[in-house]
1. Can you tell me which of Lys40, Lys20, Lys68 moves the most in a GNM of the chain? Springs connect C-alpha atoms under 10 Å apart.
2. Count the lysine pairs in the chain that are 8 or more places apart or on different chains: how many have C-alpha atoms under 22 angstrom apart?
3. Figure the gain on full extension for Ser43 and Asp21 (residue separation times 0.36 nm, minus the Cα-Cα span) and round it to one decimal in nm.
4. Highest GNM mean-square fluctuation, the chain, Cα pairs closer than 10 Å: which of Ala27, Ala70, Ala92?
5. Compare Val37, Val82, Val62 in a GNM of the chain, Cα atoms joined below 10 Å, and give the one with the largest fluctuation.
6. If the chain between Val86 and Ala99 were fully stretched, how many nm would it gain, using 0.36 nm times the residue separation less the Cα-Cα distance?
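What follows draws every value from the coordinates through simple rules; no lab data is involved. Owing to the predicted nature of the structure, the values given are computational and were not obtained by experimental measurement.
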Amino acid sequence: MATFYALGNYTTQGFQGFIKDPKSDRAKAAQAAAQAVGAKLVSYTGLRGPYDFLAVFEGTFVQGAGIKMATEASGALCNIAVCEAVNINEIAENAAKIAGAYKGPGK
């Protein structure tokens, strides 16, 4: 299982929901979404800045993409960016192998 970080924003509809129910437990909602597809919510944090929340979960990219699609389709969330944790050293090792073999256009 991979670790994914979902950063996103609430819509006007989502903020209206908070005003109606200020004690709404969004971590519980995120956990239910993750469990519905067999993923595991690790943490959920409200943020101040360009994003309104960060949800960390373990699962597959397809599960994360499904969560993104369903929650944005609800109308309460938007701009969800799903990022996957990676090992930068493994990426660099592959890049080093490719660098010797790849030739750019015109070279």
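1. Lys20
2. Values: Lys20/Lys28; Lys28/Lys40; Lys28/Lys68; Lys40/Lys68; Lys97/Lys107.
Eligible lysine pairs with Cα atoms under 22 Å apart amount to 5.
3. That works out to 5.8 nm of additional length.
4. Comparing Ala27, Ala70, Ala92 in a Gaussian network model of the chain, the most mobile one is Ala92.
5. Top of the fluctuation ranking is Val62.
6. Additional length available on full extension: 2.7 nm.
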